[in-house]
Amino acid sequence: MTRIGVGLISAGWMGTVHSRGYLAVGDKYPELGVSPELVVVADTVEANSQRLVDRLGYARSTTDYRDVLADPGVDVVSIAAPNSLHKEFALAAAAAGKPFWIEKPMGAGVADSRAIAAAVDAAGLVTAVGFNYRHAPAVQHLRDLVRSGQLGRVTNVRVRLDADYSADPAGPRTWRFVKEQAGTGVLGDLLSHGFDLGQYVLADPVSEVSAITATFIPQRPEVAAGGVGHQVRAAADAPMLPVENEDWAAVHARFASGAVGTFESSRVAVGPRCEYSIAVYGTRGSAVWDFERMNEVAVCLQSDGSYGYTRILTDPSMGAFGRFQVGAGMGLSFDDLKVIEAALFLESVLTGEQTAPSVADGLAAAEVAHAADTSAQDGTWHTVPAPTGRTTFAA
Ligand SMILES: NC(=O)c1ccc[n+]([C@@H]2O[C@H](COP(=O)([O-])OP(=O)(O)OC[C@H]3O[C@@H](n4cnc5c(N)ncnc54)[C@H](O)[C@@H]3O)[C@@H](O)[C@H]2O)c1
């Protein structure tokens, strides 16, 4: 067994899920022979880090992230802070020579993402980025259908991420709505997943985009202290503050192969809860996946002589399904996707081979978001720079 000491920076929603992910790797991926040990967690809100000491077994907590990086018992680091802190923490981790698993979007804008990717390249580190939807067994199946040519030549793709996490106008203005802390709105928060998913399933980078964006709820009440993720409340009689980034975005895209596509996202949709979906259309078939039904994929193949979709439930032949369930049709959960990501990260650390989504993938998604954001402002098409570095989406 190889002991791997884990340090966590930021003990909110994702910090908790990363930690649970590490703890499950030994059981789900026994062949890795790793025994992750939760060493130290840093958060400026002591109650958040103490919760992870008490519930998940971190040996200690601190309010200063530098304590995590300086601890000789820490071999790998998770960075699960609000977006604007990613760059400082990632650059410090790279300088300390600690491989890290960072949440998406990688920084509060493309300049942060470029700086993080450059620092990782200079340090020669392996990394992971939180593009968890890639790992769903149904998405793996969809990607296999594309790569095996069963859908024919891919002509177009539709990626949609509609959520209701901010549909209530009385929901507070958390860091996600503040430009300085989050960067863009849905372009970074939800569509970073979407851009990665599209590029990953097609194994094809987006080369050009045109976009429009809108903010439907322009003011929100000030946030009250406490709470993580979307479970944050406004104080009674809280003052109203401006929402500084977009609630909705729609992007037309061209891929390097010549395929075309659309990406759309809302964080204020009334109805969809987590409709994160990808539909791939080819000359001989099509396939559709939606996170709200994450354990199934709808497929139509001309070669079957069928018309309309067949609903296929996931089974042990698809992706990492068999590590979690032995029976076809038994489902995985969101947290299981983070276990897979933790395992890919630790495998990358052990072997030096970048198998987890990389900072180059994080940068590739950020470049698409940046081009879309610029297009939304000036109303013209924008070229997306060709991906560089150790991308894994086309591997
Ligand atoms: N992969 C996914 O599906 C997914 C889902 C949700 C969030 N995220 C990403 O994860 C990141 C965190 O989001 P979240 O929802 O977990 O946020 P959160 O608000 O739940 O938690 C953020 C934590 O950071 C802490 N923090 C703030 N300043 C800090 C500092 N200086 N040092 C240390 N800790 C500090 C806060 O106290 C809080 O505990 C974001 O980048 C977000 O985009 C990814």
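Bear in mind that the values in this text are calculations on the coordinates, not laboratory data. Only a predicted model underlies this, so the values are computations on that prediction, with no experimental measurement involved. Quick reminder, even Gly has a Cβ in these numbers, built from the backbone with ideal geometry, and neighbours come from all protein chains shown.
Cross-link partners for LYS28 among the lysines, with Cα-Cα distance under 20 Å and sequence neighbours closer than 8 places in the same chain left out: LYS338. Along region 250-260 the Karplus relation, 6.51 cos²θ - 1.76 cosθ + 1.60 evaluated at θ = phi - 60°, assigns HN-Hα couplings of 9, 10, 8, 9, 10, 9, 4, 6, x, 5, 10 Hz to successive residues, with x for each Gly and Pro. The largest-to-smallest principal axis extents of the Cα set in region 2-132 are 36, 36, 28 Å.
Modelled label positions at THR63 and ASP304, each set 7 Å beyond Cα in the direction of Cβ, lie 5.9 nm from each other. For region 75-89, 3J(HN,Hα) computed residue by residue from phi via the Karplus equation (6.51, -1.76, 1.60; θ = phi - 60°) reads 9, 9, 10, 9, 10, 10, 8, x, 3, 5, 8, 4, 5, 4, 5 Hz, glycine and proline entered as x. For the pair GLU222 and ALA122, label points projected 7 Å from Cα toward Cβ lie 3.9 nm apart. Only Lys, Arg, Asp and Glu carry charge here, each on its Cβ (+1 for the first two, -1 for the last two); on that basis the chain has a dipole of about 500 debye about its Cα centre. A cut-off of 5 Å between modelled amide H atoms, ignoring neighbours fewer than 5 places along the same chain, links LYS98 with no other residue. Find the centroid of the Cα atoms in region 1-60 and in region 263-304, then give the distance between the two in whole Å. That distance is 33 Å. Count charges around HIS18 for me, please; just the other residues with Cβ under 11 Å from its Cβ, Lys/Arg as +1, Asp/Glu as -1. The answer is -1. For region 7-21, putting each phi into the Karplus relation 6.51 cos²θ - 1.76 cosθ + 1.60 with θ = phi - 60° gives couplings of x, 10, 10, 5, 10, x, 4, 5, x, 5, 5, 4, 4, 4, x Hz, in residue order, rounded to whole numbers and with x for Gly and Pro.
Going Cα to Cα from LYS87, which lysines come in below 21 Å? Please leave out same-chain ones fewer than 8 positions away. Leaving aside lysines fewer than 8 places away in the same chain, those within reach of LYS87 are LYS98, LYS104, LYS179. In plain terms, the bigger the Kirkwood radius, the slower the diffusion; for the chain, with that radius from Cα pairs, at 37 °C and 0.692 mPa s, Stokes-Einstein puts D at 154 µm²/s.
For VAL223, the residues whose modelled amide H falls within less than 5 Å of its own, excluding neighbours fewer than 5 places apart on the same chain, are ARG173. With each label modelled as a point 7 angstrom along the Cα→C-beta vector, the ALA203-GLU353 pair spans 1.5 nm. Sequence-distant contacts, meaning Cα pairs under 8 Å at least 6 residues apart, place the relative contact order of the chain at 20 percent. For LEU8, the residues whose modelled amide H falls within less than 5 Å of its own, excluding neighbours fewer than 5 places apart on the same chain, are VAL40, VAL41, ALA42, SER78. The separation of region 113-173 from region 63-77, counted between C-alpha centres, amounts to 28 Å.
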